[in-house]
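K.L.:
Following this message is one structure expressed as structure tokens.
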Amino acid sequence: MHDGKYVLDSASRRDGGRGLGLLVAAALGAAMVAVSVLWSGAFAQQAQTVAQPLGNRVEAPVMVPMSFAPIVKHVRPAVVSVKVKVSEPEVASDSDQRRQFRNWPDNFNVPEWFKDMFPDRGMPDPFHGPSPRGQRRALAQGSGFIISEDGYVVTNNHVVDNASEVELTLDDGSVYTAKIVGTDKKTDLALLKIDASREFPYVAFTDDDIEIGDWVLAVGNPFGLGGSVTVGVVSARGRDIGAGLYDDFIQVDAPINKGNSGGPTFNLKGQVVGINTAIYSPSGGSVGIGFAIPAEVAKGVIAQLRDTGSVSRGWLGVQIQPVTRDIADSLGLKDAAGALVSDVQNGSPAQAAGMKLGDVILEVDGREVKDAKDLARKIGAHNPEERTAIKILRDGKPQTLSVKLGRQKEEKQASVSPEPAKEMAVNQLGLALRAAAQVPDAGDEGVVVVGVADGSEAADKGLETGDVILKVDNRDVSTPEDVARIISEVTQAKRAKVLLFVKSSKGQHFVALDLDAA
């Protein structure tokens, strides 16, 4: 601002001061009015300037609204507070802490609001009255949003889990009971239906892609305080927080707290881009790291819940592991991406389509598979009996398989193995080997590791005595000579790494050995 002030002051002095100053003030006033009018229209409208390259520098477009109030006014009527009555077993009923507050002495001056915080310690329960012995009733709170005129409501599964009653409070203060239409624990989503015949305000999921840096608004019921609005930006995409196989969260820095669970995150068009689900916090309160289920994930799940009350996912029937840099090098892959097939289940859709051990899955229906979890998400997004095109790499050559997916059962049908934590090796790489047929209880297939040299490539890669090498360079081996011969061929071909398929106490997995490290 100092440069602008200096120019203005100099110009004022050259023009005699007052006249030019009034003209500048009038011009600035007119500009402010114009900007105000620009933003007083549709809340999604944004001022934009064209990005101009300045050497290696680019000036970004200006896209900041003067106020978020029009968006909030539009979406708040569709956001609800969720109260859930849950019956659960009494926990630690004889603990010292519970005995400490079991009965309040008559001469102990305790405020009534404080007593109400401990209804199961000798005080009347303001919500439920006396609870049966060995059980206590709890009141869980969260958020949700209406997605249809007839009163379907989306929230989190963990908000309504084990609910005996669900009560919704709308922004106008009206209260309704709701029934649970269906839930999906794997994505932590639930669909409710308001028990009333009327037309409700509602919001829609977005069809637009959301990008890091986009403005978002979170609306919900933090700490049971009622409708609250927070604003921030998308901090990251595709977050895996260890919640499950289908983790694909949007990270936002709009403050999200306890009670926001199940509430919507909106874009500047007032469309739902995500469902607030979790926070990262050492204190229990917002530290600016919140996670939301993306709309693209939620739409398919909610549609199935509405139609059938449950979610059915496609099943491929393979065990997969990540493609590490070592494995990519051993297979001649440019990028460490895709999913490596370490097992094909008998009778599975993958087996029927001709998928084999050692195949690297690169694409599903033309969409790149980034890693093992990405494959699980892509397959799970398809319906059972649906036919899908899966591009694989086999023996260094790409090909496409047509797979008719099966139905995923409740138990896990395909597992994602952890990254092979430093495993792999062979003969000159520090291994003592013996044919499996010569080792008691080892079976008839493969070559058994009977010794691993300390500090060797094999030891560094985690190979252990008792491991069975089934394949080397995707070729079956049955004797130590087979292993030595294939290693020699790989070395002569001037390849730096070789891929082993190993059976161990960890299960079956691939191991890439660095031949140069020998």
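No lab work stands behind these numbers, since they all come straight from the coordinates. Quick caveat, the model's predicted, so the values are computed rather than measured. A quick note on method: Cβ atoms are made from the backbone with ideal geometry, for glycine too, and the neighbour counts reach across all protein chains shown.
K.L.:
Let's test the formula: R0 of 35 Å, r as the Cβ-Cβ distance of residue 299 and residue 325. What FRET efficiency results, to the nearest 0.05?
P.N.:
Working: r = 35 Å, r/R0 = 1.01.
About 0.50, to the nearest 0.05.
K.L.:
To make sure I understand the rule: partners must be lysines, Cα under 26 Å from the Cα of residue 185, and not fewer than 8 residues away in the same chain. Which ones qualify?
P.N.:
Once the sequence-local lysines are set aside, what remains near residue 185 is 83, 85, 193, 258, 299, 370, 373, 378, 404, 409, 412.
K.L.:
Also: Run through region 146-195 and list the GluC sites (Glu not before Pro) located in a DSSP loop whose Cβ has at most 16 other Cβ atoms within 10 Å. Intermediate results must be reported in sequence, preceding the final value.
P.N.:
Details: sites: 149, 165, 167; in loops: 149.
The qualifying sites are 149.
K.L.:
Taking 35 Å as R0, compute the FRET efficiency from the Cβ-Cβ separation of residue 367 and residue 149 and round it to 0.05. Please report the intermediate quantities before stating the final value.
P.N.:
Working: r = 34 Å, r/R0 = 0.96.
It comes to 0.55.
K.L.:
Something else now. Quick check: residue separation of residue 179 and residue 208 times 0.36 nm, minus the Cα distance between them. What number comes out in nm? All intermediate terms of the calculation are to be shown ahead of the outcome.
P.N.:
Details: separation 29, 0.36 × 29 = 10.44 nm, distance 3.07 nm.
Stretched out fully, the residue 179 to residue 208 stretch lengthens by 7.4 nm.
K.L.:
Here is a further query. How do 391, 258, 334, 179 line up, fewest other C-beta atoms within 10 Å first? The partial results should precede the final answer.
P.N.:
Working: 391 19, 258 16, 334 7, 179 12.
Starting with the residue having the fewest Cβ neighbours, the order is 334, 179, 258, 391.
K.L.:
Continuing with the same structure: Using Cβ contacts closer than 10 Å as the measure, can you line up 501, 223, 205 from fewest to most?
P.N.:
Working: 501 24, 223 12, 205 19.
Going from least to most buried by this count: 223, 205, 501.
K.L.:
Shifting gears a bit: Could you work out the Rg to Rh ratio of region 137-227, with Rh taken as the Kirkwood radius (inverse of the mean 1/r over all Cα pairs)? Walk me through the numbers before you get to the answer.
P.N.:
Numbers: Rg = 14.0 Å, Rh = 14.4 Å.
Looking at region 137-227, the ratio lands at 0.97.
K.L.:
Just need log10 I(q)/I(0) for region 253-375 at q = 0.14, 0.20, 0.22 Å⁻¹, Debye formula, equal scatterers on the alpha-carbon atoms, no solvent, rounded to two decimals.
P.N.:
Taken in order of the listed q values, log10 I(q)/I(0) reads -0.87, -1.05, -1.12.
K.L.:
Okay, moving on. How compact is region 314-407 by the rule of thumb for globular proteins, expressed as Cα Rg over 2.2 N^0.38 Å? Numbers along the way, then the final one.
P.N.:
On the way: Rg = 12.0 Å, N = 94, 2.2 N^0.38 = 12.4 Å.
Scaled against compact globular proteins, the figure is 0.97.
K.L.:
Run the dipole for region 427-517 about the Cα centre, Lys and Arg Cβ at +1, Asp and Glu Cβ at -1, nothing else charged, and hand back the magnitude in debye, nearest 20. Please list the in-between numbers first.
P.N.:
Values: 10 positive and 15 negative charges, 48 e Å.
Charge dipole, region 427-517, about its Cα centre: 220 debye, nearest 20.
K.L.:
Next question. Which of 322, 401, 369 sits closest to the plus end of the dipole of region 314-407, meaning its Cα is farthest towards the positive end, when Lys and Arg get +1 and Asp and Glu get -1 on the C-beta?
P.N.:
401
K.L.:
Further question: Which number comes out as Rg/Rh for region 427-517 once both Rg and the Kirkwood Rh are worked out on C-alpha atoms?
P.N.:
On the way: Rg = 11.9 Å, Rh = 12.8 Å.
Rounded to two decimals, Rg/Rh equals 0.93.
K.L.:
Further question: For the residues 355, 66, what sequence is obtained by ranking on other C-beta atoms within 10 Å, fewest first?
P.N.:
Working: 355 22, 66 12.
Starting with the residue having the fewest Cβ neighbours, the order is 66, 355.
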